[in-house]
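Structure record follows, encoded as structure tokens.
All of the numbers you see were taken from the coordinates with simple rules; none came from a lab. Nothing here was measured: the structure is a model prediction, and the numbers come from that model. Cβ: placed from backbone, ideal geometry, glycine included. Neighbour counts: every protein chain shown.
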Amino acid sequence: MKKPFGILIAAAALVAASFDANAQAPADIPADMNALMTKHTCIACHRPNQRLVGPAYADVAKKKYSDEKIVELIYKPEPSHWPGYPPMAPMTQVPKEDAMKLAHWINSLDGGAKTTTKKSSSTTKKTTKKS
Ligand code: HEC
């Protein structure tokens, strides 16, 4: 009895390869951000849409920080912002340029699905009262 081992092995290799690809780049993380997240270890604690050790980035985006503020928080986290989470260690080794890219991406993750802030411009019409 001859079995097509060659084909089986090839198929197994293909399956293994596709699993590897998935492991390296989760579908919701773009390749360049995945590279930064991996390089600076953010990936160990953060995902775009899922709570891990740290909050989902989509939840961070909902806080409406500026990109600059997020960079600041990467260097100097404020655990009081996230009750119920362990404190994040300051990630001062991340180059500013990389931190900025990550910050910009994090902010882009607020899909706008449930934004309550843009309801109306109630606070904008404060015309000058002095006459
Ligand atoms: C060891 C786990 C861990 C790693 C690694 C980690 N974080 Fe965090 N991160 C957390 C936790 C826990 C919190 C929530 C508590 C806090 O802010 O201290 C958090 C909070 C944050 C926040 C929200 C800050 C705020 O005040 O709202 C941002 C932004 C963030 N992380 C970005 C990053 C980036 C970018 C990296 C990689 C350079 C990174 N984190 C690496 C665990 C981690």
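Based on the Cβ-Cβ distance from D28 to S80, what FRET efficiency comes out when R0 is 22 Å, to the nearest 0.05?
E between D28 and S80, to the nearest 0.05, is 0.20.
May I ask you to derive the relative contact order of the range 24-108, considering only C-alpha pairs under 8 Å and at least 6 residues apart, and to give it as an integer percent?
It rounds to 30 percent for the range 24-108.
In debye, nearest 20: dipole of the range 24-108 around its Cα centre with unit charges on the Cβ of K, R (+) and D, E (-)?
180 debye
What length, rounded to one decimal in nm, is gained on full extension from K64 through to R51, with 0.36 nm per residue of separation minus their alpha-carbon distance?
The span from K64 to R51 would gain 2.9 nm if fully extended.
What's the ranking of 84-90, 65-71 by average number of surrounding C-beta atoms within 10 Å, highest first?
Per-residue Cβ counts within 10 Å, averaged per peptide and sorted highest first, yield 65-71, 84-90.
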